[in-house]
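Structure record follows, encoded as structure tokens.
We did not get these values from a lab; they are worked out from the coordinates using the rules stated. Please read all numbers here as calculations on a predicted model, not as lab measurements. Cβ placement follows ideal geometry from the backbone for every residue including glycine, while neighbour counts extend to all protein chains displayed.
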């Protein structure tokens with residue numbers, strides 16, 4: 001029997017009211033300001049997309065008109081049908097299948113491939129009302145640490161200083177594109193490393209909690225779907241980044257019968273540990289490597305102190321097998337990749353090279369694979385095929401599996417809660433720790449120019465070492481999250497340079513990683529949320545200043561009360577001008593900024609020559625055009641070069657100019673300066689203080705030369721020792 005509403009059948013009532021609802025919606029849209037609720041946040045996301053296309057974060061974007069229609073429909077959806085995530089825009093990494101958008105995995109092999117179905121995680125998002133805004137750029141098949149190995153050009157971070165920085169990899173596109181939420185995949189740190197470089201929240205759940213069905217495989221035993229979120233006005237007012245990650249995780253955390261690696265419901269019931277009032281926080285000693293960046297180490301110490309202020313205790317722990325984890329990972333992952341990528345031959349699907357493929361001495365699809373696989377993918381396929389060969393499998397692959405088991409055992413030994421998947425007797429380790437806190441990456445984000453030219457982090461093996469802190473938890477399948485921590489303030493006594501240099505990096509954040517026992521995903525999220533909250537509470541933000549130019553603020557510029565910023569000034573977010581007063585330079589007048597060292601020298605020399613600064617600069621340009629130096633051309637006026645040194649020496653030694661010329665000639669014959677000859681003569685003669693007899697005997701002069709050379713050799717040896725001991 002149909003449900004009755006005020007005596008009317010519900011279906012009939014809906015048919016009567018639906019046309020009127022459309023009319024009311026049109027009237028409201030006509031009289032209301034554009035952008036309310038979901039529409040406002042969507043418009044913000046669209047604006048960010050338009051402004052940041054040059055970052056190359058997306059490979060494929062959904063049609064803008066279709067997106068606006070979907071958001072508008074979600075805005076006016078009946079309340080009974082509204083869900084928590086209706087109308088939210090979510091970006092998806094391009095190795096996660098979608099039926100309405102191409103799935104390329106950033107490879108030329110799949111540049112024209114569109115999946116006939118949605119991945120399970122994509123279907124779950126759509127069922128909850130989320131809107132897939134596009135597919136994000138990545139390293140080809142997830143193989144890389146900087147999102148530079150893409151067929152569709154690398155992803156970049158805009159620093160505002162003209163030099164693009166690496167966003168990390170392989171989910172760099174998702175990290176750069178994230179506004180309300182984004183999905184990536186984490187094999188050895190591909191979610192956490194980009195999150196650390198882009199100052200976002202990146203969460204890798206425990207292996208097997210989120211479905212992998214529909215995810216293009218790189219390494220089956222390591223691949224995990226991860227979640228990105230970022231603080232900003234594109235989130236709901238009641239949400240923070242970690243809370244938004246938690247909501248998406250709760251949405252996707254379901255058993256999937258289509259995924260053989262998905263945990264069954266019976267096992268899921270045993271997972272999870274409630275957060276105690278006082279946490280035992282572990283400090284892995286092996287993560288304090290010699291190459292750890294100083295600022296990252298300082299932020300690590302700051303984060304530990306913040307947790308200590310909340311009543312938690314700190315405990316150093318040892319993970320001995322960690323130093324072997326990276327080597328084991330780069331044996332296991334390429335081995336699985338070589339097996340997973342064997343099906344890409346251009347016959348069943350994917351691109352295929354033109355003309356005859358293969359030769360009598362090679363396989364049928366050798367030309368196709370060599371043409372459409374990138375260099376990094378080819379490198380890892382070769383590494384994996386070698387480690388799986390009959391001659392090498394026992395020395396490489398089997399040994400790496402043993403190391404992986406040791407890494408897992410190390411984590412189980414230091415955690416207080418037992419591993420729910422362990423077959424041993426489950427007892428709580430009272431001396432163990434609840435979570436581990438460590439940096440996410442050992443260095444800051446490198447520049448793309450350095451990666452292209454091969455400097456430092458540019459070689460493949462150097463790029464592999466960026467995963468040194470993320471790989472161990474991936475091998476053990478543990479939950480881990482990266483959160484941005486405000487950079488620890490430096491000692492103000494060590495600050496040097498201009499105002500802009502002192503404040504250039506004060507507002508940047510550094511990625512910290514929280515690792516928990518298998519299944520303790522909610523505990524990891526709770527600690528991350530607490531640490532971010534206490535970090536913001538204790539952080540004293542440095543005022544954010546932007547450059548003021550004559551065109552932007554002429555009324556302020558003409559006031560003449562600015563003195564920094566290259567002929568401009570600085571204005572903070574409150575509209576206040578810094579600094580308040582101008583600087584008055586004698587003989588020059590009020591200036592709008594502090595002069596640089598070169599400008600101070602120009603002003604001083606102009607005053608000595610009795611000309612203005614502009615006239616001196618014109619004379620300087622003319623001299624430089626003729627290949628001359630102002631210091632040499634006007635030495636007697638400026639007192640520079642040899643004239644300056646001679647004048648000082650004559651004043652100190654009380655010699656006449658004729659005596660000095662005679663001393664200089666004798667020094668030139670011996671290959672010394674007058675000062676060195678006088679000093680050597682004092683040492684040889686043992687004479688009284690003052691000027692020695694310039695008519696010294698030849699044997700004494702030779703002895704002076706020998707002593708001077710010996711002194712020079714001792715100084716070079718001393719400098720070499722200083723360099724070895726790292727004193728400079």
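One table, with the values for the structure above:
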{"read-out": "Relative contact order computed over the range 306-392 (Cα-Cα under 8 Å; 6+ residues apart), in percent", "value": "34"}
{"read-out": "Residues 143, 165, 138, 609 arranged by fewest to most Cβ contacts within 10 Å", "value": "609, 165, 143, 138"}
{"read-out": "Ranking of 178, 215, 611 by count of other Cβ atoms within 10 Å, fewest first", "value": "611, 215, 178"}
{"read-out": "Burial ranking of peptide ranges 379-392, 111-124, 259-272, 322-335 (average Cβ count within 10 Å, highest at the top)", "value": "322-335, 111-124, 379-392, 259-272"}
{"read-out": "For the range 359-445: rounded, prolate or oblate by the Cα gyration tensor [a/c cutoff 1.5]", "value": "prolate"}
{"read-out": "Neighbour-count order for 619, 512, fewest beta carbons within 10 angstrom listed first", "value": "619, 512"}
{"read-out": "Debye intensity ratio I(q)/I(0), log10, the range 66-152, q values 0.26 Å⁻¹ (C-alpha model)", "value": "-1.21"}
{"read-out": "Debye intensity ratio I(q)/I(0), log10, the range 124-233, q values 0.16 Å⁻¹ (C-alpha model)", "value": "-0.68"}
{"read-out": "For the range 194-281: rounded, prolate or oblate by the Cα gyration tensor [a/c cutoff 1.5]", "value": "oblate"}
